[in-house]
Amino acid sequence: QVQLVESGGGLVQAGGSLRLSCVASGTTFSSNVAGWFRQTPGNPRELVATIESSGRTNYADSVKGRFTISRDNAKNTLSLQMDSLKPEDTAVYYCYALKYNHDYWGQGTQVTVSS
């Protein structure tokens with residue numbers, strides 16, 4: 001049973017920073033693709049950043065240079081450091097992991113950026 005539990009969301013002013021974390025059980029982030037997605041009401045879930053087992057990272061153009069995805073293999077934790085936040089970054093952020101061709105998602109954590 002794979003479980004992903006996010007933490008670290010909240011309310012921040014524009015220009016501020018937040019760090020999201022995701023702890024996994026039943027899978028290891030280092031074994032396959034993992035990442036962060038976000039969703040706003042009425043819109044599809046969109047990719048924010050991914051990290052492959054090799055450590056290669058990929059970012060949405062809208063967050064490049066501002067967000068950093070990382071993982072701690074010893075703690076089996078996935079993180080997303082978000083700097084220079086903008087109001088348009090406001091969304092529910094979801095942790096994601098791929099295992100045996102199945103997609104697994106966390107419950108989501110709300111990030112709100114005020115202008």
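What to note about this one:
- Subset tally (residues that are among the hydroxyl-bearing types (Ser, Thr, Tyr) and assigned to a loop (DSSP other than H, G, I, E, B)) for the stretch 1-42: 4
- Taking first residues from the stretch 1-16 that are within 19 Å of residue 107 (Cβ to Cβ) and partners that are modelled with pLDDT of 95 or more and basic (Lys, Arg), the Cβ contacts under 7 Å between residues at least 6 apart in sequence or on separate chains come to 8/19.
- Of all residues making up the stretch 90-109, the number that are open to solvent by 90 Å² or more (accessible area, probe 1.4 Å) and of a type in the set (S, T, N, Q): 2
- Entry remark, the stretch 63-75: residues being surrounded by 16 or more Cβ atoms within 10 Å (Cβ to Cβ) and not in a strand (DSSP E or B) number 1 in total.
- For the stretch 78-89, the set of residues classified as open to solvent by less than 40 Å² (accessible area, probe 1.4 Å) and either part of a strand (DSSP E or B) or free of Cβ contacts under 8 Å to residues at least 60 places away in the same chain (or both) consists of 78, 79, 80, 82, 89, listed by residue number.
- Among the numbered conditions (1) open to solvent by less than 60 Å² (accessible area, probe 1.4 Å); (2) more than 12 Å from the chain's Cα centre (by Cα), the only one that residue 52 does not meet is (1).
The values are calculated or read from the model by the stated rules, or taken from the named source; none is laboratory data. The shown structure was predicted, so the numbers you read here are calculated from the model rather than taken from an experiment. Backbone-built Cβ (ideal geometry, glycine too); neighbour counts: all protein chains shown. Remember, those area values only see protein heavy atoms, side chains included, never the ligands or the DNA or RNA. Shrake-Rupley method; radii C 1.70, N 1.55, O 1.52, S 1.80 Å.
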